[in-house]
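Data first, discussion second: the structure below is written as structure tokens.
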Amino acid sequence: ALALLSSLSMSANDYTETLVVTVNGSTTTQTATISVDKNNDGTYNFNLKNFMLKAGEQTMGIGNIELKDLKAAKGDKGDVVSTHQDIAITAGDDPNVSNWMGPQLGTIPLDLKLLVNDKKLYTLIDIDMQKTLEQTIHVTFGDNYQLPNSGFEDFYTAYKKIEEPVSWHSFANVGGSLASFVKGTAHSFSSTEKRPGSAGTKSVLLTSTSVFGMIANGTMTTGRMIAGSIDATNSKNHAELDMSKEDKDSHGDPFYALMDGTPDYIAVWVKFKQGTPSEEHPYATISAALTDGTYYQDPQDKDYTNVVATAKNAQIASDGFAWQRIVIPFKYNDNDVKAKALLVTISTNADPGQGSAADSLYVDDISLIYNVDKPAVTVNGHAITLDKEEVSTTAEDPAKADVAATTANKGSFAAVSELSSTADQRKLQLLYCSDDLQTIKTYTLVINKGAETGISQIKTATNNDSKVYDLNGREVKTMHHGNVYILNGKKVLK
């Protein structure tokens, strides 16, 4: 009866978000609902109903993906589930689908990663169907860890039939007092040029123009372009974000990009040339600001205190008009600001109003990079070396031992789950996760009952200090043959 009660659902949540499905490099989006139930024993049940694959106007019903009793690790950013299972997909119940492919596939291998907290659900699903359908399927749900339309595959027609990439904005959506003077000139174009090795088919082309004899740089942003001065260097001309504003572009998207992660780097592929080379102003530029979602503009008109981190490269050279990958580190401010939105701005020239009227900047595949740096763990303050998949230590009371798992960079976090616990031994699983869950390093920590091991702080003896310590940092009065001790800050063998 107790086992039955522990498996009953304690809380159930339905999450409706954008589901991004990538099949052999080709990406489509759809709106989906995922149910995640938390059981009384801390495990989770997962159900993605009526999963479908889409290609153009064609839709293939796959079915329901359901997993139960998933073990979760607890971290400061939420509960983490990471599992590999062979599952059978069941038929969905959408009346618009006459045939469900899933039940015909038999057992399939599935990798599932979840991050669940009080506010949202983030999901990664990988299905390797190479043997049956010659397809590799990658699914993300609730992804605010990468920029939307980061491969610039999707475009829409904005003002006066100007092409702008979905979720990005150039002058066709410009605001400000001088918007009417510049919004009718195209600065962004869909291009079939693509970076080497790309799985996509498109990129975005930014071009500069001449407006009333002045250079208007080709620029796009995840926020909104504002034209407020005839002086190109005036900060009234800028890109801005403000999550409190409800206005949207003509595609129905807001003028900001949501962000839940704290990336270490931003990377982008570019191909750049100037129509007329300029020795004084030869560079294109990309800048990014991670903020709390309140008003912010680039370039700044004052000092802003709502910024979590910034990244910028204002020296992107032509490099022979060849594709090049630019990787820029984020510099984090020492504050308690919570990241909620990312403003990225890309322009044909690092200096406003400079360059020529025929500069070209191709942009493709922007990605945010999250590392897992220096995973570490301490038990009762003693550091444990993570040099293999299973590590062990001792503690006088394993059940009450204080375990602290940490990472060294902003773009990652640690999560811990209890595998088993007795009076003599306790086992835990340590997950060191990148914010986007693309990288998870897993260790098993075994704490056996025994004297405390490890040295949290070794007292260093001076040259005049004749005291002797054992390897646990405890002072000893008598040294025994065959043992190692610390004397004058050095290890010695008796």
_Cubic angstrom per residue, convex hull over Cα atoms of region 291-355_ = 105
*Quick one: if you stick a label point 7 Å off each Cα along the C-beta vector at K388 and E280, how many nm between them?*
6.6
*Just list whichever of K38/K245; K273/K331; K120/K160 have alpha carbons separated by over 31 Å in the model shown.*
K38/K245; K120/K160
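Can you give the FRET efficiency to the nearest 0.05 for K248 and T33, using r as the Cβ-Cβ distance and R₀ = 22 Å? Provide the component values of the computation, followed by the final result.
Numbers: r = 23 Å, r/R0 = 1.05.
So, using R0 = 22 Å, E works out to roughly 0.45.
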*Heavy-atom accessible area per residue, the chain, 1.4 Å probe: how many Å²?*
50
*For H382, what charge total do you get from the other residues with a beta carbon under 11 Å from its beta carbon, if Lys and Arg give +1 and Asp and Glu give -1?*
-2
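Share of the chain's accessible area from carbon and sulfur, percent, 1.4 Å?
Details: 11640 of 24490 Å².
Reported share for carbon and sulfur atoms: 48 percent.
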*asked:* Please report Rg (one decimal) and Dmax (integer) in Å for the Cα set of region 349-399.
replied: 25.5, 74
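With a 1.4 Å probe and all protein chains in place, put D154, D79 in order of accessible area, largest first.
Numbers: D154 80, D79 20 Å².
Output order, biggest surface exposure first: D154, D79.
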_Over the Cα atoms, compute the radius of gyration (one decimal) and Dmax (the largest Cα-Cα distance, rounded to a whole number) for region 229-277, in Å._
16.1, 41
_Calculated from backbone phi, Karplus (6.51, -1.76, 1.60) coupling profile of region 197-204 in Hz, x at Gly/Pro_ = x, 5, 8, x, 10, 9, 9, 10
*Once phi is turned into ³J(HN,Hα) by the Karplus curve 6.51 cos²θ - 1.76 cosθ + 1.60 with θ = phi - 60°, what whole-Hz value does each residue of region 272-289 show in order, with x for glycine and proline?*
9, 8, 9, x, 10, x, 10, 5, 7, 9, x, 10, 8, 8, 9, 9, 9, 9
_Distant-in-sequence amide H partners of Y156 (H built 1.01 Å from N, under 5 Å)_ = E164, V166
*Please work out how much accessible surface R195 shows to a 1.4 Å probe, ignoring ligands, DNA and RNA, in Å² rounded to 10.*
60
_Heavy atoms of H251: accessible area, 1.4 Å probe, square angstrom to 10_ = 90
*Pop a pseudo-label 7 angstrom from the Cα along the beta-carbon direction at both T22 and D69 and give the gap in nm to one decimal.*
3.4
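What translational diffusion coefficient, in µm²/s and rounded to a whole number, does the Stokes-Einstein relation yield for region 325-364 at 37 °C and a viscosity of 0.692 mPa s, taking the hydrodynamic radius as the Kirkwood radius over Cα pairs?
238
On average over all directions, what projected area in square nanometres does region 253-384 have, based on the convex hull of its Cα atoms?
Numbers: hull surface 45.1 nm².
If I average the Cα hull's projected area over directions, I get 11.3 nm².
Relative to 2.2 N^0.38 Å, what does the C-alpha radius of gyration of region 369-450 come to as a ratio? Two decimals please. All intermediate terms of the calculation are to be shown ahead of the outcome.
Values: Rg = 12.8 Å, N = 82, 2.2 N^0.38 = 11.7 Å.
My calculation over the Cα atoms of region 369-450 gives 1.09.
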*Note down, for region 176-308, the three equivalent ellipsoid semi-axes (square root of 5 times each alpha carbon gyration tensor eigenvalue), biggest first, whole angstrom.*
24, 22, 16
_Identified option (computed Kirkwood radius over Cα pairs in Å; candidates (i) 25.2; (ii) 27.2; (iii) 26.1)_ = (iii)
*Quick one: how many Å² of T33 are accessible to a 1.4 Å probe, rounded to 10?*
60
*Taking Cα centroids, how far is region 268-328 from region 122-195 in Å?*
19
*Could you give the spread of the C-alpha atoms of region 272-322 along their three principal axes, from largest to smallest, in whole angstroms?*
39, 21, 12
*Spin-label point model (7 Å from Cα, Cβ direction): what's the V446 to L419 distance in nm?*
0.9
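Please give the peptides 48-55, 110-117 ranked by average Cβ packing (other Cβ atoms within 10 Å per residue), highest first, as a rough proxy for protection.
Numbers: 48-55: 18.5, 110-117: 20.1.
Answer by packing, highest mean first, reads 110-117, 48-55.
The values are calculated or read from the model by the stated rules, or taken from the named source; none is laboratory data. Note that the structure is predicted; figures quoted are calculated from it, not measured. So basically every Cβ, Gly included, is an ideal-geometry build from the backbone, and we count neighbours across all protein chains shown. Calculation scope for accessible area: heavy atoms of the full protein, side chains included, ligands and nucleic acids excluded. Shrake-Rupley method; radii C 1.70, N 1.55, O 1.52, S 1.80 Å.
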